[in-house]
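Undergrad: Below: one structure in structure tokens.
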Amino acid sequence: MTALKLLHPLIALAAAPLLPGVINRTKALFAGRTGQPVLQLYYDLWKLLRKGAVYSRSTTWIFRLGPMIGISVALLALTILPFGGLPAAIRFEGDLILFAYLFGLARFFTIVMALDTGSSFEGMGAAREATFSTLCEPALLIGLAAITKYTGSVSLSQMFSSLRFSDWGQAGPAFILVGSALLIVFLTENSRMPIDDPNTHLELTMIHEVMILDHSGPDLALILYAAALKLWLLGTLLIGIVVPVHSGHPALDVLIAVLCMALLAVLVGIIESSMARIRLLHVPALLIGATTLSVLALVLTAR
Amino acid sequence: MNNIADTIMIFLVLTNLALLGVSRLGTCIRIVALQGAVLGLLPLVSSGGHVEWHLYFFSAVVVGFKGMVFPWLLRRTLKEVKAQREIEPFIGYGTSIALGTAVFVLCMWLSSRLPLPKEPPSMLIVPVAFFTIMSGLFLIISRKKALTQVLGYLVMENGIYTFGAAIVERQPVLVELGILLDVFVAVFVMGIAMFHIHREFDHIDTDQLSRLRT
Amino acid sequence: MSFFMLGMLILLAGGFVSLCVGRRPVPASLFGSASAVAGSLLAVIPSFQVLIRGVSESWQTDWTVPFGSFYVQIDALSAVFLIPIFGLSAVAAVYGATYLLAYREKNLGIPWFFYNLLLIGMALVVVARNGLLFLVAWEIMSLSSFVLVTFEYERPMVRQAGLIYLIAMHIGTAFLLVFFIVMGHQAGSLDFTKLSGTSSSVANLLFLLAIIGFGTKAGFMPLHVWLPYAHPAAPSHVSAVMSGVMIKTGIYGIVRTITLLGTPPAWWCWLLILIGVSSGILGVLFALAQHDLKRLLAYHSVENIGIITIGLGVGLLGIHRNSPLLAVLGFTGGLFHVLNHAVFKGLLFLGAGAVLHGSGTGQLDRLGGLLKRMPWTAFFFLVGAIAISGLPPLNGFVSEFLIYLGVFKNAPGGGLASAVVALMVAGSLSLIGGLALACFAKAFGIVFLGLPRSPLAQHAHEADWTMRFSMAVLAALCLLLGIFSPAVVLVFQHVLPEIIPFDVSPIQKELESASAILQHFVFASLLLLALTGAFTVLRKLLLGKRSVRQAVTWDCGYAQPDARMQYTATSFAQPLTDLFRIFLRTRKTISLPEGLFPADSSFHTESSDISERYLYAPVFQWVGLLLSKLQWLQHGRLQIYILYIVLVLWTLLIWKLM
């Protein structure tokens, strides 16, 4: 049983760097290019881990501590989140609140880390990150409250295991609303396309990428790895709620969940290929919209 | 529980909120058209199984007017007066959406206390109807362009129509058609009026019309 | 009880001694702080006894004042407030011992005397069980803190702050006076034990009076206007005490009122939640727009009072709906947050004081890079910043978590009302959390990180050891209160029955289940700390033998980077302040650069309080206009004033004899 509990963290640790690869491959396909290998992030991580480091003279220990906190938070969140029928190692009533707030801790250090360099570009990125993530929080928590209200469970593990496809028939609209809200949160928190362009090459237009400009070597490797894990984590949350598969066979459940993650990555790739980034000034309206969807879902489940 | 009716209701709520948050006039007209067209299907769904021929007729008329004729009229006016395509709100888009959500929750509460002559086909119909009327009023109050006010008027009518679907046993077709005709004439007249206002003053900003009173 | 009284006597005696030797700074500080520490530590002992045993202690004696009796009692509810009051005051006194020495030329006996008097006042407010005694203690507290606020009375800003503070406090007290008169009139006595069971309309009136009277002290929006003036004006250790515990006496007053008034109707609960939501969100928004470190912290007090009030509102709703779950988690979360806020807000004000002391300015945009010059202060401030942002694994998260848990567990079933509670609480707490995070990432990042933005920041020096010791104690408490939260929560088992009129066993059960849940949280927190430690070691090993170089920050190839090109606090907060401009009404003064060789240009923003600008200013202007009509009464001649007095006396006499 203990081994089973550690299975999800292990799967995620091994497979998470695949997601950016799949996204990039999809985008390349749409653009008619061959694109980088699916395993590119693994190569990058391996290369970075073997390098030395360069630090800016203005930085302090905060700058070096940040990446450690980021990766630790991602690992801890993996132990809270169930995946495709696999139980979570740590589960208790209210773990979904801890889950949401853990990302807050990581964000605090990302912002502070960026400010530590004293660069105006990184300050700008930090300000944007602070703004957009702040607006994401209500969407995420109210959305989770809606699911709690519907399922009656305050723990992610219980919530995932009690959801069935038949619930779509009963409260389909609510699920669509929460699903869309969580998708927007997923895209924002992971700095994906309509909000942030991960491929941009101009510091002025970046959000997440600009905050880690000064990191190098193993620190950068840990940041990239943590980012991939975050993609995995929020994806799992989205899939666990929207696609409640319970086939009865554990291995099959896991397989389907992995497949869903791959499909989600393809979907992100499609979104990135077919949409332009919206103006930074209009991002708050989108996030307020996501919160509104969550609120509607919560009110709908109230009947 | 009627899932299709519920879905239509939620669609209605989302279109209302979208109207509050959208900045382009053209998009607004399209959203109102979509809202009207989907609403036209409501009598077919809410009658509960047996659908009579006059319902089909009625539905077709509603979809035709709300989904095609009105939008066409409005877009023509928009083209003629060459208005700027941005809406220019008194209250910002984000704030409008937040306010709208709060009003929706309030409407849910209000309708839970409202005594009704019969059980409506969807529990959502009454609150959503309230909310649609409120959104229409909100658009009229908070936006500068005269065209948006016509849109608000249309949205309000949609709300009243939905409310009718909730409480009336069988749609009194004549009454509904009468209202529809009224709205048609109103939209027509407003379009002409706006055209003339534009020709006189070169804009259709209502807040500047207040200068006329002196 | 005898320890409590002894502690009070030591505080009073120490204050007097300090006053006598006030002209000599070192002995005055020594006597003042030593007596404050000794008195506090002694007086806090009975509180722990009460909390552990669950038996309250009381002491009563006659008082010659009509309706008054010297009736004091330490029950579990008082104890929960007494512990932070004495604890934080003792720590702040150690800090103040050297902090105040910067003002050598002044008479230091005065601040120490009034500091001790403030402690006595706060303690008496919490233990008083007679209306008159309560009001006297309340005034002692208000007036002694007024003297402390105006410590640097030479500065006009400070005098203005003192005046606003004095007026606000007395408007609040006026409402409390009416409150006790109405209450006493109903019961025929001002002793709290006889004050229960009033009719519903009177109870409604009393509740509103209490909300306004106590809310002014606590700093509810829009009664908070004095807070952002008074807290920055006071010496930092006094700000810590005022913000950390003094404003909590307002919260205490509201909780005590709830226990006196009987079963609450629904609208009380909704009113409290609404006040909490608006104070919380607006408080943190205004904090975000501030340019001064202590003013920023003062606005955060409004925010945290908001969170506490949300907790109280949820708890009250639990009483109203007969739900032990909601009542226990709401009140526990709210009262636990009282304790937590005392710890981290105390810590942050002490940290801000160290910055002020070391660099000479609290203006965010003139600071920067202090971490290299004040490493200890920076570390402690970081701990406080994480705690106040409500992030795991520190204590701030735990109390917010309990409130969340209450509304989430209550959400299933209960129809629309429970959904709306969940919506309001989850929505506002998460928004407040996010904004607080942004605000403290800004405060910490701009003040301590990057490059110094002015010579002041360049020549800053670290605080001395007593100041560091005080901060270290509070920072350790931030972690310990988080790690030992399962045990701390169980302390409330004797407190809650004082507030919640249910059987003890369901309350006990809910508390135990909350404690069990928190154990999982503690496990997760320890895991997080272990993981971070492991990765730090891993990184050390990886980088041990490799080249680690120093370079300039990436500057896009620009040749002459300058500290003034850094992002400032104002620009960091700008996206958020612009987004919420509807509440903030920030005024911007811009002069753009012009011409081919632009010379001077400037940009300035100011977010003054909306309630001050749109509520108080018009009202006071109106009152002023009205009163100016009475100016004909003022002639400036002594004879005429005496004539007025004689006339009034005659009128009263005739009226009485009629």
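Undergrad: Put one equal scatterer on each alpha carbon of the stretch C:1-59, apply the Debye formula with no solvent term, and list log10 I(q)/I(0) at q = 0.15, 0.24, 0.28, 0.31 1/Å to two decimals.
TA: Here the Debye-derived log intensity ratios amount to -0.49, -0.84, -1.00, -1.11.
Undergrad: I've got another one for you. Go through the stretch C:450-461 residue by residue and turn each phi into a ³J(HN,Hα) via Karplus (6.51, -1.76, 1.60, θ = phi - 60°); whole Hz please, and just put x for glycine and proline.
TA: Computed from phi, the couplings for the stretch C:450-461 are x, 10, x, 9, 7, x, 4, 5, 5, 9, 5, 10 Hz.
Undergrad: How much of A:Asp214 can a 1.4 Å solvent probe reach, expressed as accessible area in Å² and rounded to 10?
TA: The value for A:Asp214 is about 20 Å².
Undergrad: Could you tell me what percent of the accessible area of the protein assembly as shown is made up of carbon and sulfur, with a 1.4 Å probe and every protein chain present? Walk me through the numbers before you get to the answer.
TA: Numbers: 31270 of 45870 Å².
Carbon plus sulfur share of accessible area: 68 percent.
Undergrad: OK, next. For the stretch A:247-303, what Kirkwood radius comes out of the mean inverse Cα-Cα distance, in Å? Present the calculation step by step, with values, prior to reporting the outcome.
TA: Working: mean 1/r = 0.0683 Å⁻¹.
Kirkwood radius, the stretch A:247-303: 14.6 Å.
Undergrad: Further question: Set the Förster radius R0 to 56 Å, insert the Cβ-Cβ distance between A:Trp46 and A:Asp167 as r into 1/(1 + (r/R0)^6), and round the FRET efficiency to 0.05. Spell out each step's value before the answer.
TA: Numbers: r = 43 Å, r/R0 = 0.77.
Calculated value: 0.85.
Undergrad: Quick check on my link table: of A:Lys47/C:Lys540; C:Lys442/C:Lys588; B:Lys79/B:Lys144; C:Lys106/C:Lys248; C:Lys217/C:Lys294, which ones sit more than 22 Å apart, alpha carbon to alpha carbon?
TA: Details: A:Lys47/C:Lys540 18 Å; C:Lys442/C:Lys588 20 Å; B:Lys79/B:Lys144 18 Å; C:Lys106/C:Lys248 30 Å; C:Lys217/C:Lys294 18 Å.
Check vs 22 Å cut-off fails for C:Lys106/C:Lys248.
Undergrad: Give me Rg/Rg_expected for the protein assembly as shown, where Rg uses Cα atoms only and Rg_expected = 2.2 N^0.38 Å with N residues. Intermediate values should be presented prior to the final figure.
TA: Details: Rg = 31.9 Å, N = 1175, 2.2 N^0.38 = 32.3 Å.
The protein assembly as shown yields a ratio of 0.99.
Undergrad: Taking all pairs of different Cα atoms in the stretch C:483-579, averaging 1/r and flipping that mean, what Kirkwood radius in angstroms comes out? Numbers along the way, then the final one.
TA: Values: mean 1/r = 0.0510 Å⁻¹.
Its Kirkwood hydrodynamic radius stands at 19.6 Å.
Undergrad: Can you give the log10 of the normalised intensity I(q)/I(0) at q = 0.09, 0.14 Å⁻¹, computed with Debye over equal Cα scatterers of the stretch A:2-300?
TA: Values, matching the q order: -0.43, -1.09.
Undergrad: Once phi is turned into ³J(HN,Hα) by the Karplus curve 6.51 cos²θ - 1.76 cosθ + 1.60 with θ = phi - 60°, what whole-Hz value does each residue of the stretch A:277-289 show in order, with x for glycine and proline?
TA: 5, 7, 4, 4, 5, 8, 4, x, 4, 4, 6, 4, x
Undergrad: Collect residues whose amide H, placed 1.01 Å from N in the peptide plane, falls under 5 Å from the amide H of C:Ser69; neighbours closer than 5 in sequence don't count.
TA: Close amide H contacts, sequence-distant or interchain: C:Leu132, C:Leu133.
Undergrad: So what is the 222 nm mean residue ellipticity for chain C from helices alone, if each DSSP H run of at least 4 adds -39500 (n - 2.57) and you divide by all residues, rounding to the nearest 500 deg cm²/dmol? Could the numbers behind the result be given before it?
TA: On the way: 27 runs with 463 residues, N = 658.
Result for chain C: -23500 deg cm²/dmol, rounded to the nearest 500.
Undergrad: Under 17 Å between alpha carbons, and skipping anything fewer than 8 positions from C:Lys194 in its own chain: which lysines qualify?
TA: Partners within reach: none.
Undergrad: Taking the alpha-carbon distance from A:Lys149 and a cut-off under 19 Å, which aspartates and glutamates remain once sequence neighbours fewer than 8 residues away in the same chain are dropped?
TA: A:Glu93, A:Asp95, A:Glu137, A:Asp167, B:Asp6
Undergrad: What lysines could a cross-link reach from C:Lys509, if we take a straight Cα to Cα line under 17 Å and drop same-chain neighbours fewer than 8 places away?
TA: Within the straight-line limit of under 17 Å, C:Lys509 reaches these lysines: C:Lys409.
Undergrad: Let me confirm one metric for peptide A:72-84, namely the mean number of other chain beta-carbon atoms within 10 Å of its residues' beta-carbons.
TA: On the way: counts 10, 4, 1, 6, 9, 2, 0, 4, 2, 0, 0, 0, 0.
Mean partner shielding for this stretch: 3.
Undergrad: Let me ask you something else. Run the simple label-point estimate for A:His249 and C:Leu615 please: 7 Å along Cα→C-beta, distance reported in nm.
TA: If labels sit at A:His249 and C:Leu615, their model points lie 6.5 nm apart.
Undergrad: What nm distance separates the two modelled labels at C:Trp622 and B:Ile179, each placed 7 Å from Cα along Cα→Cβ?
TA: 4.2 nm
Undergrad: Let me ask something additional. Beyond 26 Å, what percent of the Cα pairs of the stretch C:516-658 remain? Working shown, then result.
TA: Working: 7344 of 10153 pairs.
Counting pairs separated by more than 26 Å, the tail of P(r) holds 72 percent.
Undergrad: Restricting to DSSP H runs of at least four residues, report the calculated mean residue ellipticity at 222 nm for chain A, -39500 (n - 2.57) per run over all residues, nearest 500 deg cm²/dmol. Intermediate results must be reported in sequence, preceding the final value.
TA: Values: 13 runs with 215 residues, N = 303.
Helix contribution divided over all residues of chain A: -23500 deg cm²/dmol.
Undergrad: Once amide H atoms are built 1.01 Å from N in the peptide plane, which residues 5 or more positions from C:Asp292, or in another chain, come under 5 Å H to H?
TA: C:Leu364
Undergrad: Return the sequence-ordered ³J(HN,Hα) values of the stretch C:428-433 in whole Hz as given by the Karplus equation 6.51 cos²θ - 1.76 cosθ + 1.60 applied to θ = phi - 60°, using x for Gly and Pro.
TA: Working through the residues one at a time gives 6, 4, 6, 5, 4, x Hz.
Undergrad: Still on this structure, please answer the following. Once amide H atoms are built 1.01 Å from N in the peptide plane, which residues 5 or more positions from C:Asp191, or in another chain, come under 5 Å H to H?
TA: C:Gly131
Undergrad: Could you tell me which residue out of C:Leu527, A:Leu264, C:Ala102 lies farthest along the dipole of the protein assembly as shown toward its positive end? Charges go on the beta carbon: Lys and Arg +1, Asp and Glu -1, centred on the Cα centre.
TA: With unit charges placed on the Cβ atoms, the residue in question is C:Ala102.
Undergrad: Based on alpha-carbon centroids, what's the gap between the stretch A:178-199 and the stretch A:62-101 in Å, whole number please?
TA: Their Cα centres are 20 Å away from one another.
Undergrad: Rounded, prolate or oblate: which fits the stretch C:60-145, taking a ≥ b ≥ c as square roots of the Cα gyration tensor eigenvalues, rounded meaning a/c under 1.5, else prolate when a/b beats b/c?
TA: Details: a/c = 3.80, a/b = 1.77, b/c = 2.15.
Note, shape of the stretch C:60-145 comes out oblate.
Undergrad: How large is the convex hull of the C-alpha atoms of chain C per residue, in Å³? All intermediate terms of the calculation are to be shown ahead of the outcome.
TA: Details: hull volume 138.6 nm³, N = 658.
Hull volume normalised by residue count: 211 Å³.
Undergrad: Here's a follow-up. For the interface of A with C, what's the total buried accessible surface in square angstrom, probe 1.4 angstrom, rounded to the nearest hundred?
TA: About 6600 Å² of accessible surface is lost on pairing.
Undergrad: Would the stretch C:530-609 count as rounded, prolate or oblate if I go by the C-alpha gyration tensor, calling it rounded below 1.5 in a/c and otherwise prolate when a/b exceeds b/c, oblate otherwise? Spell out each step's value before the answer.
TA: On the way: a/c = 5.27, a/b = 1.69, b/c = 3.12.
Oblate shape, in that a/c is at least 1.5 and b/c is the bigger or equal ratio.
Undergrad: I need the trypsin sites (Lys or Arg not before Pro) found in the stretch A:1-98, filtered to DSSP loop residues with at most 13 other beta carbons within 10 Å of theirs. If you can, show how the numbers build up before the last one.
TA: Numbers: sites: A:Lys5, A:Arg25, A:Lys27, A:Arg33, A:Lys47, A:Arg50, A:Lys51, A:Arg57, A:Arg64, A:Arg91; in loops: A:Arg33, A:Arg50, A:Lys51, A:Arg57, A:Arg91.
Passing both the DSSP loop test and the Cβ count: A:Arg33, A:Arg50, A:Arg57.
Undergrad: Output the peptides C:123-134, C:172-183, C:340-351 sorted from most to least packed, where packing is the average of other Cβ atoms within 10 Å over each peptide's residues. Please report the intermediate quantities before stating the final value.
TA: Details: C:123-134: 24.5, C:172-183: 18.9, C:340-351: 30.2.
Those peptides, ordered most packed to least, come out C:340-351, C:123-134, C:172-183.
Undergrad: Another question about this same structure. Mind ranking C:515-528, C:427-440, A:172-185 by how tightly packed they are, going by the mean number of other C-beta atoms within 10 angstrom, highest first?
TA: Working: C:515-528: 18.4, C:427-440: 26.6, A:172-185: 22.7.
Averaged packing, sorted descending, gives the order C:427-440, A:172-185, C:515-528.
The values are calculated or read from the model by the stated rules, or taken from the named source; none is laboratory data. Not measured: the values here are computed from a predicted model. Note: ideal-geometry Cβ built from the backbone for every residue, glycine included; neighbour counts use all protein chains shown. The area values use the complete protein model at the heavy-atom level, side chains included, leaving out ligands, DNA and RNA. Shrake-Rupley method; radii C 1.70, N 1.55, O 1.52, S 1.80 Å.
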